[in-house]
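Data first, discussion second: the structure below is written as structure tokens.
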Amino acid sequence: MKTSDYRVVPLPSEIAETARRAARAGAPDHAVLTADSPTGYPCRHCLQWAQPGEEVILFPYQSVPPGRPYSESGPIFVHAEPCPAYAATDKYPANFRSHRVLRAYNATNDMIDAVVVENDQPEPVIAQLLENPATAYLQARSVTRGCYTMRLERK
Ligand SMILES: [Zn+2]
């Protein structure tokens, strides 16, 4: 199998840990919820769905850095209990092939393109967006709610 020319960047572990500490401290913008559906609570750190009964933290994540027109903060989940960071970074996560849109950003964090993934096949879209030399990185997001899923970069 051809190895990919991009890598998956899950949520940094220190951000997941900071969210867990903030939730324990009762921060009002960090809600602890119990998953009640097998595909409703994607953890951005291990890139797995939290399973019914597992606790997750819902909090705002600055997915596009501040100070620019496309700067953005939005809600994401992480497991409330420590979980391993997604490790198969040369492989698109199996859990998030469907219902995704891929956005391309340039080096100054401006969104320059966005393509909806069709037929659960993100790879051709990733290749297409990375063909543009102006693309610095991609973000995968939920096509319905728009929530940030993960970042993708050239190797
Ligand atoms: Zn997790």
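Taken together, the values in this text are just the output of simple stated rules run on the coordinates, not laboratory data. Just so you know, these numbers come straight off a predicted model, no measurement behind them. Cβ coordinates were reconstructed from backbone atoms using ideal geometry, including for glycine residues, and neighbour counts include every protein chain displayed.
Quick notes on this one:
- Shape class for region 19-106, computed from the alpha carbon gyration tensor (a ≥ b ≥ c): oblate, with a/c not under 1.5 and a/b at or below b/c.
- Take every pair of alpha-carbon atoms less than 8 Å apart whose residues are at least six positions apart; their mean separation over the length of the chain yields a relative contact order of 23 percent.
- Spin-label pair E123/Q62, simplified geometry with 7 Å Cα→Cβ offset, distance in nm: 3.6
- If R0 is taken as 25 Å, the Cβ-Cβ distance between A114 and D90 corresponds to a FRET efficiency of 0.60.
- Mean projected area of the convex hull spanned by the Cα atoms of the chain, taken over all viewing directions: 9.4 nm².
- Computed over the chain, the per-residue total of -39500 (n - 2.57) for DSSP H runs of n ≥ 4 gives a 222 nm mean residue ellipticity of -4500 deg cm²/dmol, rounded to 500.
- Sequence ranges 117-123, 145-151, ranked by mean other-Cβ count within 10 angstrom, highest first: 145-151, 117-123
- The charge dipole of region 74-151, taken about its Cα centre with unit charges on the Cβ atoms of Lys, Arg (+1), Asp and Glu (-1) only, comes to about 200 debye.
- Cβ-isolated cysteines (cut-off 4.7 Å), the chain: C43, C147
- Positive dipole terminus of region 6-154, leading residue within S71, I112, L47 (C-beta point charges): S71
- Dipole moment magnitude, nearest 20 debye, region 6-154 about Cα centre, only Lys, Arg, Asp, Glu C-beta charged: 140
- Computed from the C-beta positions of L33 and S98, the FRET efficiency with R₀ = 22 Å rounds to 0.45.
- Euclidean distance between Cα centres, region 40-74 to region 86-155, Å: 15
- Choice from P82, P28, P12 with maximal GNM fluctuation in the chain (Cα, 10 Å cutoff): P28
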